[in-house]
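Have a look at the structure below, then the notes.
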Amino acid sequence: MQSNVRDKVLFASPKDEAERASVAGTCVRKLGIKFPAVIDGFDNQVETAYTGWPDRLYLIGTDGHVLYKSKPGPFGFHPPDLAAALQKNLGTN
């Protein structure tokens, strides 16, 4: 929570999809996220399916299978591991 205050990304829970999208967009901008981000529905179906909490990095194949799943972040994020998984699955080793 301290980091959310520091990064000015502390919000009340959104009440509808439009508000949720607005909050997500603000977080992407303020945190300088440089990769595509998606928004889960209010049913949290994606979070439930992929255990994305607290936060994780995933590489999903074109067939929908999980090709890489990081340990919980932010300390479980190892960008070189994700880069290696991308290279392996793109055949660019």
Out of the residues in segment 39-64 that are more than 22 Å from Asn89 (Cα to Cα) and of a type in the set (Asp, Glu), state the one that is surrounded by the most Cβ atoms within 10 Å (Cβ to Cβ). Asp40
Being part of a loop (DSSP other than H, G, I, E, B) and either among the polar types (S, T, N, Q) or surrounded by 11 or more Cβ atoms within 10 Å (Cβ to Cβ) (or both) is the filter here; which residues of segment 22-36 pass it? Ile33
Residue pairs, Cβ under 9 Å, 6 or more apart or interchain, first in segment 67-93 and over 18 Å from Phe35 (Cα atoms), second part of a helix (DSSP H, G or I) and at pLDDT 80 or above. List them. Thr92/Leu86; Asn93/Ala84; Asn93/Gln87
Within segment 7-56, take every residue that is under 20 Å from Gly76 (Cα atoms) and of a type in the set (Phe, Trp, Tyr) and give me the one that is farthest from the chain's Cα centre (by Cα). Tyr50
Checking Asp40, Asp81, Asp63 in turn, the sole residue that is closer than 21 Å to Ser13 by Cβ, outside any strand (DSSP E or B) and among the acidic types (Asp, Glu) turns out to be Asp40
With the requirement that a residue be without any contact (Cβ under 8 Å) to a residue 24 or more places away in the chain, of a type outside the set (Phe, Trp, Tyr) and under 18 Å from Ile33 (Cβ atoms), what does segment 46-66 give you? Val46, Glu47, Gly52, Pro54, Asp55, Arg56, Ile60
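The values are calculated or read from the model by the stated rules, or taken from the named source; none is laboratory data. The model shown is predicted, which means the values in this text are computed figures rather than measured ones. Backbone-built Cβ (ideal geometry, glycine too); neighbour counts: all protein chains shown.
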